[in-house]
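To start, the structure under review is shown below, and the notes come after it.
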Amino acid sequence: MRNLKLLKSLRSSELQGPGSPQCVSVRADTGSLLVASHYSITEYDPRTGQVVSEASLTAEGFLPEDGSGTVVGLQDLAELESACLSTAGGDVVLFNFKTCQLECVGSVDSGLTSMSWSPDEELVVLTTGQETIIMMTKEFEAITEVGIHQDDFGEGKFITVGWGKKETQFHGSEGKQAAQRKSQEVQPAAAWDDRTPRVTWRGDGQLFAVSAVCLQSGARKVRVWNREGVLQATSETINGLEQALCWKPSGSLIASTQRHPNKHSVVFMEKNGLLHGDFTLPFSKDQARVKDLLWNSDSTVLAVWLEDLAAGEDEQVDTYIQLWVVGNYHWYLKQSLDFGRDSQKAPVCVCWDPERPLRLHVVTRSWTSVTYDWGWTTERSPGMDATDNANVAVIDGDKILVTNFRQCVVPPPMCSFELQLTSPVNQVSFLCQPQRTNQLAALTSDGQISVYVQDSGEQVDKTSDGFRTMSRPLVLQKTFRVTVLQEEPLALRQLLWLQDELFVGVSSSLLPTSSTLLMLRPAHDAEDTLTVRSEIEVDGVVVSMVHCSQTGTVALQLEDGQIRKLRWDGPELSVGGWRDSSRCSINFPVPCVQTALCSISGEEHLLGLTDRSHLYAGDTELASNISSFAVCNDFLLITTHSHTCRCLQLTTLDVKGLQAALASDGGQSDESLRRVERGSRIVTVVPQDTRVVLQMPRGNLETVHHRALVLAQLRTWLDSLRFRDSFECMRKLRINLNLLYDHNPKVLLENMQTFITQLSSISHINLFLTELKEEDTTSTMYPRPENSWVQTQPVSGQKKVDVVCDALRSAMESMDPNKFFLSVLTTHVKKTVPELEVALQKVHELRVNPPPAPGAVSAEEALKYLLFLVNVNDLYEHSLGTYDFDLVLMVAEKSQKDPKEYLPFLNMLKSLETNYQRFTIDKHLKRYRKALHHLSKCGDEHFHEALQLVKEQKLYSEALRLYAADGAQYKALSCCYAEHLMEQQQAEQAGLLLWRCGEPVGALQAFASSSSWRNAICAAQQIPLPPDQLALLARDLAEKLTEQRRYSEAALLLDQYAKDCEEAILALITGSVWEEALRLIYMHNRQDITETNLKPALLEAVGTQTAFLEAQVATFTRHKTRLAVVREQKEKARLDMLDEDGPDCPDAELYSEASSVMTGSKYSQSNSRVSSRSSKNRRKAERKKLSLKEGSPMEDRALMYALGEILTTVDKMREEVHGLLKALVLFQFDKQAEKLQPAYEEALQMMEAAVPEVWLESLQNNQAPLTGPNSTANSIMASFQQQQRPAASQPAAEVLMPPKMRNGVKWKLAILM
């Protein structure tokens, strides 16, 4: 749906010479024109107006001096730096660009009628006056010479397999008469046909076609030859075939023209000579003749060069050049250049530029050259509000095909409506005023501007045949005649319709390097004439002009990429440079073929897309693979050559943010990116909507709802409380309905009645309720824009689903509980803990008291709906739990249950006493706590059942709360509970239960087995036990405490209850409780034990502690030394591997200390069973991997763990050493004490000093990159990558952190210093 728009035209009339031009060619390397006339060959640069080189053809004798000679071919040969021309006299001449010399390289006596070089410039085909074809190499060595007219069809002759005769075959709608019909006689070529052969090459140079007049029939035939000069195919007999011939460069079709009895067509042939499609020219049968057909270099545009057949009163003919484009198998006339009747202004040479596909060169009879540069553009209405219909206008000759994409998507070549004009349309411009952007103006080839506006008449929704009118066509309001001097067609270009009857356009200036901007307004004396009210010269050729309807800015782009700003709101036009917020001048680095104004982070920018797919914002390149873009409602939409469509919000991104977003591939949940079909281009975006219309390469359309646009539109609708529009959009496009609440919970809860009123439909409300989830979709599926305000949950501590269900139910019950009854049921069922009993009760109430309101839901319908939401068996059990048998029967009747199955059970329940009945129901439903509660009310005769239920379901605590503390049932329950606790190894709690319910003997046994000696002594004295048994109990308890290393408590029992002071003192000495042992020695006057037991124990303790310290210090030193060696080896190996393989080496982690500690190297996840263990067992399994064996993968980690254990053990000896030192000093063992204290102090100091060496700071924070004199680029890169890896597990983190030393504990004795 693109149009061809004239970007610039360069007119040059400096070149003058005798005669008139006959042939033209373009030098691909310099862009200058080669013009051959009746007298000379000239190289001319139209940009400067200078003649580069020139040579006379008459002086050398190649053409007669009277000007009667003819040049039949001219070709630029870039490799030879020459031009080759051929004359009708038979000479083939080379014109050297450097020396300006002419050289005859060959001559044909019979003369030449045409010359055509292959696209690769390796071969040349000459047709002679003797109707032969001469093929030569680029060195002008003859390859072959064959006659043009061949009787044979060629190598590609069709094969007839003999299946039936013509008389027996099917002839379609023509009927059987077609079999007897004689072939029509072929009409000879038209009288105006020049009867010279035409030669055209296929784009790959493998085939060429020759159109020549057949000697027998006098009609033209097309023959296809290969590169070796062998005939391949001959065209079928085509009546009315004309002289024009051009092979499409892409190779698929050969274009020619054919005159039918009732029309004039451009026809296409395949390489086998068969016809393949056509289109009709907009002329009557004998109105015009086609002089030539010309494909551009990329096969997108076909130029048709025509002139009138009949001369006018002034004996002059009108000349036209039409540009045709195909899309979706329809040929559109995109541009029509009318050169008028002046023979001096008529083109005599037309050609496309070989390098620039959309550049057309025209040379007139008066030696004036005009170069037209075209560009593709999509004419879309520029509105940004909902009144804009997203109109797109497509030019098709004298018609404008308008499609209203807001109302309907009509695939081209169809459209919503057509606008018929009197002349071919050259340009379309939509009005740039807000609220009126659907109006358009059309500039036609006769220099008139037609204005079309929306019909203001009465709107008829339906036509007479009953169809509904979707879009009303625009109506012609006024036609203006433009008073602009037109030296050549399309003197006015880049037309902008800014306001009512105010137009701005561009025309060529007198200088080729400047342009003139024209402000057009109606004349005072003639309202149908637009006159130039203001004009301004711009230093540079304007190639694009774009307007922003929101800001009123008009931006110009010059041919070198410079940007200018046009100020048009005053009486006179003025032009200034484009500057950014810092007043710096901004220009495009290269010229762009598509431009658009937009606001990025509040600053206006001009976006430009080059023909090389580079997208710029001013002088900043945003991306380099863009195929199309559009700006709509603060969104930039682009399609890329990687077949994606991106949608970026311009209000949340700056230019650098846009660069980064377009450079990224986009994650899986990136809402700004979606895949599209290969070759898709953006046609338009419907403003204030979610639709993006894309066109495929063939021409068909596809509408997508881009997720970013959808979410932005939904947020806008939700903010303006348009809940129904939001809901319909979300339901249609499968957006999670949780967004209705998650977008702004507070707003929805405060406007719940509005929400219900807008949705109105019960099914819609139920659909919303059934989709509710606890997930916050704004933080998972649909993240909020970065700068948007985030509304927190309005009710803290409550779940989202419960809050919404309660709020909806409350609103619906206050509005119309009967109408919304089913939705109320849904709110009960959908809660996190479904309230099925409440829902069933409401259904039951509805059955008992049906509402009188008309249209109210019946109980049967409500129950049926409830069964749709909930499994019938679950609903049956919940109804049973209400103890309402009418409700149970109501549900059971709707289920698939057999009445023989549930009726006996219900009858049995009805016969039971109420509490026992409810107990039976609850037990059946496995609601054991409720069952126990009801059973406790059934009396003593059912206590054995209660006791059995408590034992089976372990409901001891609940049972104790249901019975009186002074009853026999309570005591029996307590005894059972105590037995259960004893089985669970909780004897102390069992003893407490037994003791409080009056069972001290059982309590004593429980306390004794749990070593709760204080409670045991109390229970024993309550019994009471005789003194000898009490002493025996004390000895048993003391023995258990000694096994548990609780020496002080064992000594207390032995001393106070067993009355054995000696055993008590020995227990304290064994436990190194020196001070308490001394107290008992002096209390019981047993100083003999001091000599016999205490002093020897002190000396033994000194020896043990000293030996232990020495062993720990030695082990610590050995491990520390080994750790340094391991670290050095690993670092060296890692750096070596990184230097060899780079930072992405997969094995480098194995040699990194940080990796072995942080990630546990590659062995850490090898055992899959570890994940199912408890945390304690997991830590144990982690430690098992820490092998101290030299060379193990995790040896450094194992050494750190061992060193930490040693340090912790030594640090815990502070209190024990302190007590031992005091005892040694007391008994004058100063020598031993003076050895022990400094030894322990040295050990502590040595270990504390080693902490920074063992637990490196870089390993603890793992943040600083590895740099230093020994680092390389690869190692530094690897260290940066290391920071991105996941955090360490808990055991690994424990290894990293050094143990804390308790330096605050005072243990040294000053008297020993």
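The values are calculated or read from the model by the stated rules, or taken from the named source; none is laboratory data. Just so you know, these numbers come straight off a predicted model, no measurement behind them. With ideal geometry, Cβ positions are generated from the backbone for all residues, glycine too; neighbour counts draw on all protein chains shown. Side chains are part of the model used for accessible areas, which takes the heavy atoms of the whole protein and leaves out ligands, DNA and RNA. Shrake-Rupley method; radii C 1.70, N 1.55, O 1.52, S 1.80 Å.
For segment 953-1028, the set of chymotrypsin sites (Phe, Trp or Tyr not before Pro) satisfying both a DSSP loop assignment and a count of at most 10 other C-beta atoms within 10 Å is empty. What the Cβ-Cβ distance of GLU941 and ASP966 gives, at R0 = 22 Å and to the nearest 0.05, is a FRET efficiency of 0.65.
Between ASN871 and ILE1023, the modelled label-to-label distance comes to 5.6 nm, taking each label 7 Å out from Cα in the direction of the beta carbon. Multiplying the residue separation of GLN407 and ARG481 by 0.36 nm and removing their Cα-Cα distance gives an extension gain of 23.3 nm. Segment GLU79..ASN625, full-extension length gain: 193.3 nm, with 0.36 nm per residue of separation and the alpha-carbon distance subtracted.
In segment 261-317, Cα pairs under 8 Å separated by at least six residues give a relative contact order of 25 percent. Relative to the longest principal axis of the Cα atoms of the chain, helix 1095-1141 runs at roughly 10 degrees. Ignoring aspartates and glutamates fewer than eight residues from LYS8 along the same chain, the ones with Cα atoms less than 16 angstrom from its Cα are ASP353, ASP373, GLU487, GLU488, GLU537, ASP539, GLU559, ASP560, ASP611. Placing THR778, THR1209 in order of accessible area, with the largest value first and a 1.4 Å probe, yields THR1209, THR778. Here's the picture: charge each Lys and Arg Cβ at +1 and each Asp and Glu Cβ at -1 in the chain, and of ASN871, ILE1017, SER429 the one pushed furthest to the positive end of that dipole is ILE1017. FRET efficiency for the pair PHE885 and LYS799, taken as 1/(1 + (r/R0)^6) with r the Cβ-Cβ distance and R0 = 25 Å, rounds to 0.15.
For the pair THR716 and PHE140, what calculated FRET efficiency results from E = 1/(1 + (r/R0)^6), where r is the Cβ-Cβ distance and R0 = 60 Å, to the nearest 0.05?
Working: r = 72 Å, r/R0 = 1.21.
E between PHE140 and THR716, to the nearest 0.05, is 0.25.
Is segment 51-147 best put as rounded, prolate or oblate by its Cα gyration tensor, with a ≥ b ≥ c the root eigenvalues, rounded for a/c under 1.5, and otherwise prolate when a/b is larger than b/c, oblate when not? Taking the square roots of the gyration eigenvalues as a ≥ b ≥ c, segment 51-147 is oblate.
In segment 428-573, Cα pairs under 8 Å separated by at least six residues give a relative contact order of 16 percent. Modelled spin labels at ASN736 and VAL52, positioned 7 Å past Cα toward Cβ, are 6.5 nm from each other.
Could you list, in their original order, any pairs among LYS773/LYS830; LYS1059/LYS1222; LYS830/LYS897; LYS334/LYS478 whose Cα atoms are separated by more than 21 Å?
Details: LYS773/LYS830 10 Å; LYS1059/LYS1222 29 Å; LYS830/LYS897 25 Å; LYS334/LYS478 23 Å.
Checking Cα-Cα distances, LYS1059/LYS1222; LYS830/LYS897; LYS334/LYS478 exceed 21 Å.
Taken about its Cα centre, segment 1-86 carries a charge dipole of roughly 760 debye when the Cβ of each Lys and Arg holds +1 and the Cβ of each Asp and Glu holds -1.
Using alpha-carbon pairs under 8 Å, 6+ residues apart, how would you state the relative contact order of segment 70-159 in percent?
Details: 179 pairs, mean separation 15.2, N = 90.
Once divided by the residue count of segment 70-159, the mean separation gives 17 percent.
Just to be sure I follow: if Rg is taken over the C-alpha atoms of segment 178-308 and Rh is the Kirkwood radius over the same atoms, what is Rg/Rh? Present the calculation step by step, with values, prior to reporting the outcome.
Details: Rg = 14.5 Å, Rh = 15.1 Å.
Rg/Rh: 0.96.
Taking Cβ atoms as reference points and 10 Å as the exclusive limit, the residues near ALA390 contribute a net charge of +1, counting Lys and Arg as +1 and Asp and Glu as -1. Only Lys, Arg, Asp and Glu carry charge here, each on its Cβ (+1 for the first two, -1 for the last two); on that basis the chain has a dipole of about 4620 debye about its Cα centre. Beyond 18 Å in Cα-Cα separation lie the following of the pairs LYS951/LYS971; LYS926/LYS954; LYS1189/LYS1300: LYS1189/LYS1300.
Annotation: for a label point projected 7 angstrom from Cα along Cα→Cβ of ALA526, residues of segment 420-455 with backbone N closer than 14 Å are 447-449. The reciprocal of the average 1/r between distinct C-alpha atoms defines the Kirkwood hydrodynamic radius, which for the chain equals 42.7 Å. For the chain, the longest principal axis of the C-alpha atoms and the axis of helix 1047-1056 are separated by about 20°. A straight Cα-to-Cα reach below 30 Å connects LYS656 with the lysines LYS565, residues fewer than 8 places away in its own chain not being considered. In the chain, the longest principal axis of the Cα atoms and the axis of helix 987-996 are about 60 degrees apart. Each of ARG612 and SER252 was given a label point 7 Å from its Cα along the Cα-to-Cβ line. The distance between the two points is 2.9 nm. Comparing ALA1233, SER211, THR1042 along the charge dipole axis of the chain, the residue lying farthest to the positive side is THR1042, per the Cβ-charge model. Once the Cα-Cα distance is subtracted from the 0.36 nm per residue extended length, the GLN1044 to LEU1256 segment shows a gain of 72.4 nm.
Computed over the alpha-carbon atoms, segment 944-1033 gives an Rg to Rh ratio of 1.04, Rh here being the Kirkwood radius from the mean inverse distance. What shape does segment 591-708 take by its C-alpha gyration tensor, where a ≥ b ≥ c are the square roots of the eigenvalues and a/c under 1.5 counts as rounded, a/b above b/c as prolate, and the rest as oblate? Note, shape of segment 591-708 comes out rounded.
Here's the list of aspartates and glutamates a cross-link from LYS285 could span, going by alpha-carbon distance under 15 Å and ignoring same-chain residues fewer than 8 apart: GLU242, GLU307, ASP308. Here segment 885-1022 is assigned +1 on the Cβ of each Lys and Arg and -1 on the Cβ of each Asp and Glu. Its dipole about the Cα centre then comes out at about 360 debye.
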